[in-house]
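Take a look at the structure below.
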Amino acid sequence: MDKTNRLMRSAMDTDEAFRIALGEVLDGLGMTAQDLAKKAHISPSTIYKIANEDRSPSLDVLRKILRAVREAEGLRAGNFIALIVTRQVLDEVVERSVRIGDESVRVREYPAATVEDAIVAAIRAERDGAVAVVCAPIVSPTIEKILNIPIATIVPKDSVTEAIKLAARKSRD
């Protein structure tokens, strides 16, 4: 089990389980609490209180910790947007990257034939390091409840490219 999943599962268990898992994950990554605080953009005292006192992280802080650990594991290095649609739609997509300001963001395809395929693909995309997901409206509400990255919904009157650009902008917020 990767370190991010271990932290998520321990956070759902107890504060003590999370505290133990956090210490073990930091050791495994060769990071200090200071390193994590800097990478997660939270104060060192917040990490200290979670790691050494009986404090539960807020949802926002937990997300920042998980994101920082994911990056430390090298899972966020992809810098891509996941496009989860049917093979037929993928065949029509011309854009393979999107320019946002000075930066180019790649598009990685995840074909899905069923709602279940789309949910599994979304989870896989986040684990692969996607910065955002573009998907159909039938699955976006469910995927938003599962993932910790932005979701953009393809609206039939809009193009897939516009949804990808929206996802890219959301990923920068």
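Under the classification rounded if a/c is under 1.5, otherwise prolate if a/b is larger than b/c and oblate if not, where does region 57-145 fall, given a ≥ b ≥ c as square roots of the Cα gyration tensor eigenvalues? Since a/c reaches 1.5 but b/c is at least a/b, the shape of region 57-145 is classed as oblate. In straight-distance terms, cross-link reach from Lys39 covers every one of the lysines whose alpha-carbon lies under 22 Å from its own, apart from those fewer than eight places away in the same chain; here that gives Lys3, Lys49, Lys64, Lys170.
Rank these for me by crowding, Phe80, Phe18, going from fewest to most other beta carbons within 10 Å.
Values: Phe80 20, Phe18 23.
By the 10 Å Cβ count, ascending, the order reads Phe80, Phe18.
Between 0 and 90 degrees, the angle of helix 160-171 with respect to the longest Cα principal axis of the chain falls at about 20 degrees. A cut-off of 5 Å between modelled amide H atoms, ignoring neighbours fewer than 5 places along the same chain, links Ala152 with Val133, Val134, Cys135. Relative to the longest principal axis of the Cα atoms of the chain, helix 15-29 runs at roughly 80 degrees. Residue by residue, region 96-111 carries 3J(HN,Hα) couplings of 10, 7, 10, 9, 10, x, 8, 9, 9, 10, 6, 10, 10, 8, 10, x Hz when phi is fed to the Karplus relation 6.51 cos²θ - 1.76 cosθ + 1.60 (θ = phi - 60°); x denotes Gly or Pro. For the chain, the extents of the C-alpha atoms along the principal axes are 53, 36, 23 Å, listed from largest to smallest.
Any read-out appearing in this document is the output of simple, stated calculations on the displayed coordinates, not a laboratory observation. Please read all numbers here as calculations on a predicted model, not as lab measurements. For neighbour counting, all protein chains shown are included, and Cβ atoms are generated from backbone atoms with ideal geometry for every residue, glycine included.
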